[in-house]
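Encoded as structure tokens, the structure appears first; notes follow it.
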Amino acid sequence: MLRLFVAVPLPEAVQERLERIGFGIPGANWVPGDNMHITLRFLGEVSNADAADIDDHLLAVRAKAFDLSIEGVGHFGSLRQTRSLWAGIARNPALQHLRDKVESAVVRAGQPPEGRKFVPHVTLARFKTETGHHLANFLAEHNLLKIGPIPVDRFTLFQSHTKRDGSVYEPLADYPLVDERAVAALS
């Protein structure tokens, strides 16, 4: 079985910038920069045959390349019982369109539909303990975070490997998006 997800990878410079703000909250399990991405669809455990079907259907996804921006920070859960801390993605119809196409592709490949609303974000940290006032301080300090524009020219199928010191995400396949600027330049 393979533990898979589909995501937009982030450029190294963006990962490094987000990694630099990762401090100041005791008990936070900070996500390493090279694990930062924007999840389009978590698939969970799938067989090798299902993974091949998913790949075939993702190859058929056609969408335009676009830019996105990171804006602000937030969290899932209450201030006292936070599950994760994230950097938000500015509202972006092109990202939502890509996510919808990916969702349709994986459902056509036989996966169950996603039950949750799509909330685009980059996970910065996860928590197993209470965060106290430290989280509120972090949110206040970084609520005006802005990074962008960030070019998105592909999405990726990743496999998650759980290790003792955290997860490692292995890219299995990249799916390019159509860059209309490059197409226009060739015309």
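Could you please let me know if Asp165 is farther than 19 Å from Pro11 by Cβ and of a type outside the set (Gly, Ala, Ser)? When the stated conditions are applied, Asp165 passes them.
Looking for something modelled with pLDDT under 95, aromatic (Phe, Trp, Tyr) and surrounded by 14 or more Cβ atoms within 10 Å (Cβ to Cβ) - is there at least one such residue anywhere in region 71-90? Yes, because at least one residue in region 71-90 is modelled with pLDDT under 95, aromatic (Phe, Trp, Tyr) and surrounded by 14 or more Cβ atoms within 10 Å (Cβ to Cβ). Being hydrophobic (A, V, I, L, M, F, W, C), modelled with pLDDT under 95, out of contact with any Leu (no Cβ under 8 Å at 6 or more places or on another chain) and more than 30 Å from Glu180 (Cβ to Cβ) is a property that Phe127 lacks. Restricting Glu170, Glu141 to those that are under 24 Å from Glu16 (Cβ atoms), surrounded by fewer than 14 Cβ atoms within 10 Å (Cβ to Cβ) and in contact with a His (Cβ under 7 Å, 6 or more places away or on another chain) reduces the list to Glu170. Among residues of region 114-127 being part of a loop (DSSP other than H, G, I, E, B) and touching a Lys or Arg at 6+ places or on another chain (Cβ under 9 Å), the one that is surrounded by the most Cβ atoms within 10 Å (Cβ to Cβ) is Pro120. Residues in region 86-104: is at least one among the hydroxyl-bearing types (Ser, Thr, Tyr), over 25 Å from Ala51 (Cα atoms) and outside any strand (DSSP E or B)? Scanning region 86-104, I find no residue that is among the hydroxyl-bearing types (Ser, Thr, Tyr), over 25 Å from Ala51 (Cα atoms) and outside any strand (DSSP E or B), so the answer is no. Counting the residues of region 128-159 that are among the polar types (S, T, N, Q) and assigned to a strand (DSSP E or B) gives 2.
For the residues Val31, Val6, Val14, the requirement of being closer than 16 Å to Glu114 by Cα and among the hydrophobic types (A, V, I, L, M, F, W, C) singles out Val6. Residue pairs whose Cβ atoms lie under 8 Å apart, separated by 6 or more positions or on different chains, with the first residue in region 121-145 and touching a residue at least 24 places away in the same chain (Cβ under 8 Å) and the second crowded, with 17+ Cβ neighbours inside 10 Å and part of a helix (DSSP H, G or I), are Val122/Leu18; Leu124/Leu18.
The conditions of being within 23 Å of Phe155 (Cα to Cα), among the polar types (S, T, N, Q) and more than 15 Å from the chain's Cα centre (by Cα) are not met by Ser78. Summed over region 84-93, the residues that are in contact with an Asp or Glu (Cβ under 8 Å, 6 or more places away or on another chain) and either without any contact (Cβ under 8 Å) to a residue 12 or more places away in the chain or β-branched (Val, Ile, Thr) (or both) give a count of 1.
Criterion applied to Gln96, Gln159, Gln111 was being without any contact (Cβ under 8 Å) to a residue 40 or more places away in the chain and surrounded by 11 or more Cβ atoms within 10 Å (Cβ to Cβ), and the one residue passing it is Gln96.
The values are calculated or read from the model by the stated rules, or taken from the named source; none is laboratory data. Being a predicted model, the structure only gives us computed values, none of them experimental. Counting neighbours? That spans all protein chains shown, and the Cβs are built from the backbone with ideal geometry, glycine included.
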